[in-house]
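Novice: Before anything else, here's the structure in question.
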Amino acid sequence: MRLTVGKDPSNIQEIKDFANWLLDIGEGKVGGSSNGEAIIDVLDDILINDPHDPIGSLIEFVYPLILENFNVTGYFQERAILAPKNEVVQQINDRLLSLFPGDEVEYLSSDNLSANLSLFMISLMPIYTPQMF
């Protein structure tokens, strides 16, 4: 129910109804009995009708005026695009990143230290000698 945090009280019931609709879809309660497939009526105001660029339409709907607002505190905190598969998430992320000015930078992390890195880190440790005290 984080969808309702900080929202106008007049919109809270509409947001709750939408959240319940999503939960009902996930639990298979919408579209009648199904064997893995169902027909679900989607409201026109959340339906993407652009067959040529559906990802672009989705980005514009969720992140309107993104280039004017990407530095605004809370802009991204109030919005999210959820996708069922990592491939779709990657397509959306790639598309979003291509909109921003500047070069893309990737920062890598590691769960394990390699032997060379461990030796390097040990060599950076200060060595105390009796003359230092």
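Novice: Scan the range 81-89 and give yes if some residue there is within 23 Å of I25 (Cα to Cα), open to solvent by less than 70 Å² (accessible area, probe 1.4 Å) and modelled with pLDDT under 90, otherwise no. Walk me through it before giving the result.
Specialist: Step one: filter the range 81-89 for residues within 23 Å of I25 (Cα to Cα), giving 81-89.
Then keep just the ones that are open to solvent by less than 70 Å² (accessible area, probe 1.4 Å); that gives 81, 83, 88-89.
Now drop any that are not modelled with pLDDT under 90, which leaves 81, 83.
Among the residues of the range 81-89, at least one is within 23 Å of I25 (Cα to Cα), open to solvent by less than 70 Å² (accessible area, probe 1.4 Å) and modelled with pLDDT under 90, which makes the answer yes.
Novice: Which residue pairs have Cβ atoms under 6 Å apart, sit 6 or more places apart or on different chains, and have a first residue in the range 82-110 that is more than 17 Å from I59 (Cα to Cα) and a second that is open to solvent by 80 Å² or more (accessible area, probe 1.4 Å) and among the hydrophobic types (A, V, I, L, M, F, W, C)?
Specialist: As it stands, the answer is E104/L97, since those pairs meet every condition given.
Novice: Look through the range 56-77, keep the residues that are in contact (Cβ under 8 Å) with a residue 24 or more places away in the chain and surrounded by 12 or more Cβ atoms within 10 Å (Cβ to Cβ), and return whichever of them is farthest from L22 (Cα to Cα).
Specialist: Ranking the candidates gives F70 first.
Novice: Name the single residue, out of those in the range 27-40 being open to solvent by 70 Å² or more (accessible area, probe 1.4 Å) and at pLDDT 80 or above, that is nearest to the chain's Cα centre (by Cα).
Specialist: The residue in question is E27.
Novice: Here's a follow-up. Mind checking whether some residue in the range 44-55 is open to solvent by less than 50 Å² (accessible area, probe 1.4 Å), β-branched (V, I, T), part of a helix (DSSP H, G or I) and within 22 Å of P101 (Cβ to Cβ)?
Specialist: For the range 44-55, residues open to solvent by less than 50 Å² (accessible area, probe 1.4 Å), β-branched (V, I, T), part of a helix (DSSP H, G or I) and within 22 Å of P101 (Cβ to Cβ): present.
Novice: Checking E60 against (1) part of a loop (DSSP other than H, G, I, E, B); (2) closer than 17 Å to S98 by Cβ, which test does it fail?
Specialist: Single failed check for E60: (1).
Novice: Continuing with this model, one more query. Do we find that D103 is assigned to a helix (DSSP H, G or I) and either open to solvent by 70 Å² or more (accessible area, probe 1.4 Å) or modelled with pLDDT under 85 (or both) in this structure?
Specialist: no
The values are calculated or read from the model by the stated rules, or taken from the named source; none is laboratory data. Fair warning: this is a prediction, and the values are worked out from it, not measured in the lab. All Cβ positions, glycine included, derive from the backbone under ideal geometry; neighbour counts span all protein chains shown. We work out accessible area using only protein heavy atoms, side chains counted, and drop any ligands, DNA or RNA first. Shrake-Rupley method; radii C 1.70, N 1.55, O 1.52, S 1.80 Å.
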